[in-house]
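Here is the structure we will look at, set down as structure tokens.
The values are calculated or read from the model by the stated rules, or taken from the named source; none is laboratory data. Bear in mind the structure is a predicted one, so any value in this text is a computation, not a measurement. All Cβ positions, even for glycine, are placed from backbone atoms using ideal geometry, and neighbour counts span all protein chains on display. For the accessible areas, the whole protein counts, side chains as well, though only heavy atoms, and no ligand, DNA or RNA atoms are used. Shrake-Rupley method; radii C 1.70, N 1.55, O 1.52, S 1.80 Å.
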Amino acid sequence: MYDGFKMKLPIYMDHHSTTPLDPRVLEAMMPYLTEKFGNASSKSHVFGWQAEAAVTKARGQVASIIGASPQEIIFTSGATESDNLALFGIARAYREKGDHLITGATEHHAVLDAARSLEKEGFRVTYLPADRYGRVSPDQVQKALTDRTILVSLMAANNEIGTLHPLEEIGRVVREKGVLFHTDAAQALGRIPLDVNSLNLDLLSLSGHKIYGPKGIGALYLRKKPQRIRLDPIFQGGGHEEGLRSGTLNVPGIVGLGMACTLAGEVMAAENERLRGLRDKLFRHLSEGLKGVHLNGHPTERLSNNLNLSFEGIQSDGLMMEMKDVALSSGSACTSARPEPSYVLKAIGVGEDLARGSLRFGLGRSTTEEEIDYVAKRCLSAVNKLREGTGVRGELNY
Ligand SMILES: *Cc1c(COP(=O)(O)O)cnc(C)c1O
């Protein structure tokens, strides 16, 4: 067992699921959870004005990190809502123009399930298959575009395997055809540079809690320049956010999201380099120390903080039980008694057995070299222990 030094356990290595609040974010939020509690829509007193001023500042901070204008930001409850608002909102607003949408097989459920629901409303949806690294090519998108297509929705970075789509090239193809382009950037924001203009994006979903901000807050970017994109709201009510998202604004959450965006922009370059180094070290340790380790996703076109591996002869739930002091994820939906292997791994052609033996390592701002060394050693010994007697440890028989 490892006993080199004292380290705080358990170790959190699941930053794709959520991230802890940055202390500077909490500090920025505090006044709006306490004495500055006003409703940003109250125009008749200072409590409302304070809240409104805070929202205005945060709107600018969020816009700034994606190269948008503040008026193009709609605050929502998170990326799930933003994805739903984008798909339903565009489909219903542009129904007279067309009835066809394009998305990808490896998208987050927030996009996939909204698309399936739109199919029930009579829309047609093309689900582009991904290559073995999880990528969709501009050529595939080009071929799928028709005169009836109104929206293309493809994620910037995948939440399981970290694969980055070639958004810039895809954006060019989509724009040329005069079709609207949406991306779910919940994982990519703060990890890769995102500029809505150079990427030709018309809509972009983002989430607070994936970037060291609070849970329950997010935003949808909606292009207004050079022309205003229309959107049918999902919520009816007080007409907040120019009628596109009714409901009293979550002022502390919005302030936190704004601060989280600013911090993400400041630390992105250095953090990427640091995490890529740690991630590569972890991969090296595991792939050199064990046989039958497979990398899922793209070797280079991937998030710096993502490592998704499959271990031959291993079930991921058993492996996670063996290393309980490390918070990891398998990416499989454990809602049923028998966990279903990940649909993302399935979509990129990973076989059933390897898909069931997958583990996602999600590094983050707090991850240290000591943690990486510890996790590598724990994982090595856990895999070896589980493989003992299965014939996998020595010569691989498959
Ligand atoms: C986390 C995540 C979501 C959902 O975001 P919430 O803010 O939790 O609703 C959507 N898409 C991707 C890619 C995500 O990683």
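Tabulated data for the structure shown
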quantity	calculated
Flag if A51 is away from the ligand (no atom under 15 Å from the Cβ), aliphatic (A, V, I, L, M), open to solvent by less than 10 Å² (accessible area, probe 1.4 Å) and farther than 24 Å from L231 by Cα	yes
Residue in segment 157-167 that is away from the ligand (no atom under 16 Å from the Cβ), open to solvent by 10 Å² or more (accessible area, probe 1.4 Å) and on the phi < 0 side of the Ramachandran plot present	yes
Selection from segment 54-68 of residues that are open to solvent by less than 40 Å² (accessible area, probe 1.4 Å) and assigned to a helix (DSSP H, G or I)	A54, V55, A58, G60, Q61, V62, A63, I65
Residue ID - surrounded by the fewest Cβ atoms within 10 Å (Cβ to Cβ), chosen from residues in segment 133-154 that are of a type in the set (A, V, I, L, M, F, W, C) and in contact with a His (Cβ under 8 Å, 6 or more places away or on another chain)	I150
Subset of segment 217-241 (residues that are more than 17 Å from A79 (Cα to Cα) and free of Cβ contacts under 8 Å to residues at least 24 places away in the same chain)	P226, Q227, R228, Q236, G237, G239
The listed residue being surrounded by 18 or more Cβ atoms within 10 Å (Cβ to Cβ), free of Cβ contacts under 8 Å to residues at least 40 places away in the same chain, assigned by TED's automatic domain parsing to the domain that holds G78 and within 16 Å of the ligand (Cβ to nearest atom), out of A130, A114, A110	A114
Some residue of segment 140-151 being hydroxyl-bearing (S, T, Y) and closer than 30 Å to L363 by Cβ	no
Counted residues, segment 175-221 - those being assigned to a strand (DSSP E or B), open to solvent by less than 10 Å² (accessible area, probe 1.4 Å), hydrophobic (A, V, I, L, M, F, W, C) and closer than 16 Å to L151 by Cβ	4
